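Trainee: Take this structure first; my questions come after.
The values are calculated or read from the model by the stated rules, or taken from the named source; none is laboratory data. Quick caveat, the model's predicted, so the values are computed rather than measured. Backbone-built Cβ (ideal geometry, glycine too); neighbour counts: all protein chains shown. Ligands, DNA and RNA are excluded from the accessible area calculation, which covers all protein heavy atoms including side chains. Shrake-Rupley method; radii C 1.70, N 1.55, O 1.52, S 1.80 Å.
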Amino acid sequence: MGLIVQKFGGSSVANAERVMNVANIVTDTYKQGNDVIVVVSAQGDTTDDLIAKGKEINPKGSKREMDMLMTAGEQISISLLAMAIEKLGCPAISLLGWQAGFNSSSAYGAARIKNINCERLNKEIDSHRIVVVAGFQGINKYDDLTTFGRGGSDTSAVAIAAAMRADKCQIFTDVEGVYTADPRKIPNAKKLDEITYDEILELATLGAQVLNNRSVEMAKKYNVELEVLSSLVRKPGTIVKEVAKVEKMLISGVAKDCDVSRISVIGVSDEPGIAFKLFSRLAAKGINIDIILQSVGRNNTKDITFTVARSNGEEAVEIMRSFIENVGGSDIMIDNKVAKVSIVGAGMETHSGVAAKMFEALYSAHVNISMIATSEIKISVLVDEEDADKAVAAIHDAFIN
Ligand code: ADP
Ligand code: ASP
Ligand code: MG
């Protein structure tokens, strides 16, 4: 018995039958004597549909109005779930993000949670109600509604678990836990019983959608133990915590990210300060750089290649055009048909030969590597987008099976 936070994603509440299924899970937990706070996402593809509606009216609509539009999705699912819980004979109340005390920064579309004023949540819990909170939304200092970025309901759930010092935070989704690769793409991917915060943080950042990376950062910071599990099959999922049980696996997962553009700036001067001048222009516009590759200088010139999120590709090219005009350089190239494939594993720190084995797997699958980046617990390669699934499968076979 204790306080349990349960989060359900869009597919878990996609239709009336699924909403009733969630209500059953929640009320079972409540009837076992627990206090329950539920965080829900918008039903099915509602958020995508709302974004499309907004873009149809005005492709350049303001971010404030887009947030006003998107927050409506979660308002539908919380009221439906509260009514479903009432139908099963338990007391429930739905709350929008601001009613639940979510104060956020002002950045519409990508707001950060500043704090949660838990007064209302505590009051409702003290009245023994099941509280159903709208995910991915808060209110800023101008009293405007904000959203936390796509997939942000995971972060709402972890934030409530941290602020309310919950005993458990369960993230229910449409797969049975965290797998060694996306189980929808790699049928023989293995479900992990446990994984560390650091490993899932890398996997989430590198494209595994199963948990939002900000939610993992927050869980690690406030030591919230998470469980990722299925809303459709009742069995234990994957526990995410600081130190995971040591399994005999070097690699905990393979991830793919297609939200990548590769930009090359050709023929820049081979002298000190060029990289600084180039990347500070991108930083000034808030563009994050991922992998960087600089060629060896020849005839006093060199090439600098880097990757950015695809949504930033065109803007980065514009910035590089003005860089060439002002600082020097001969050409710019952009490639949007690339993908990043990565392996993650804490075991890599103490084992040699992991990179070689990964590259061998790619060679055997006839996949060409155009860039490489490594850290203590991950190796990423850039490949042609059309080779990405083949690359994931080949690497997964080499390490996991
Ligand atoms: P929700 O709507 O519940 O938030 P998401 O669609 O955001 O669910 O995340 C779940 C999906 O993440 C799964 O359906 C699966 O296809 C995908 N996924 C990608 N990589 C992994 C992985 N390593 N383990 C589990 N699921 C993964
Ligand atoms: N509904 C939002 C989205 O689709 C938030 C979430 O699902 O976590 O991104
Ligand atoms: Mg999600």
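Trainee: What are the residue pairs meeting all of these: first residue in the stretch 1-30, first residue in contact (Cβ under 8 Å) with a residue 24 or more places away in the chain and of a type in the set (Ser, Thr, Tyr), second residue open to solvent by less than 50 Å² (accessible area, probe 1.4 Å) and within 13 Å of ligand 1 (Cβ to nearest atom), Cβ atoms under 7 Å, and 6 or more apart or on different chains?
Mentor: From the stretch 1-30, the pairs are Ser11/Gly44; Ser12/Val22; Ser12/Phe172; Ser12/Thr173; Ser12/Ser231; Thr29/Gln6.
Trainee: Check Ala166, Ala208, Ala159, Ala204 and return the single one that is without any contact (Cβ under 8 Å) to a residue 60 or more places away in the chain and more than 13 Å from ligand 1 (Cβ to nearest atom).
Mentor: Numbers: Ala166 fails: without any contact (Cβ under 8 Å) to a residue 60 or more places away in the chain; Ala208 fails: more than 13 Å from ligand 1 (Cβ to nearest atom); Ala204 fails: more than 13 Å from ligand 1 (Cβ to nearest atom).
Sole residue among the options that is without any contact (Cβ under 8 Å) to a residue 60 or more places away in the chain and more than 13 Å from ligand 1 (Cβ to nearest atom): Ala159.
Trainee: With the condition kept exactly as written, say whether any residue in the stretch 81-90 is in contact with a strand residue (DSSP E or B) (Cβ under 6 Å, 6 or more places away or on another chain) and within 16 Å of ligand 1 (Cβ to nearest atom).
Mentor: The answer is yes, given that some residue of the stretch 81-90 is in contact with a strand residue (DSSP E or B) (Cβ under 6 Å, 6 or more places away or on another chain) and within 16 Å of ligand 1 (Cβ to nearest atom).
Trainee: I'm told Gly44 meets every condition in (1) without any contact (Cβ under 8 Å) to a residue 40 or more places away in the chain; (2) on the phi < 0 side of the Ramachandran plot except one. Can you identify the failing condition by its number?
Mentor: Every condition holds for Gly44 apart from (2).
Trainee: Could you tell me whether Thr46 is away from ligand 2 (no atom under 12 Å from the Cβ) and either over 21 Å from the mean Cα position of the chain (by Cα) or surrounded by fewer than 22 Cβ atoms within 10 Å (Cβ to Cβ) (or both)?
Mentor: Answer is no for this residue.
Trainee: Could you list all residues from the stretch 220-236 that are surrounded by 11 or more Cβ atoms within 10 Å (Cβ to Cβ) and charged (D, E, K, R)?
Mentor: Lys220, Lys221, Glu225, Glu227
Trainee: Still on this model: Take Arg64 and decide whether it is within 16 Å of ligand 2 (Cβ to nearest atom), part of a helix (DSSP H, G or I), open to solvent by 40 Å² or more (accessible area, probe 1.4 Å) and touching a residue at least 12 places away in the same chain (Cβ under 8 Å).
Mentor: Here the answer is no, as Arg64 does not meet what is asked.
Trainee: For the stretch 80-121, give me the residue count where each residue is aromatic (Phe, Trp, Tyr) and open to solvent by 50 Å² or more (accessible area, probe 1.4 Å).
Mentor: So the answer is 2.
Trainee: Let me ask something additional. Within the stretch 163-202, track down each residue that is touching a helix residue (DSSP H, G or I) at 6+ places or on another chain (Cβ under 9 Å), within 16 Å of ligand 3 (Cβ to nearest atom) and more than 25 Å from Val38 (Cα to Cα).
Mentor: Selection gives Asp182 alone.
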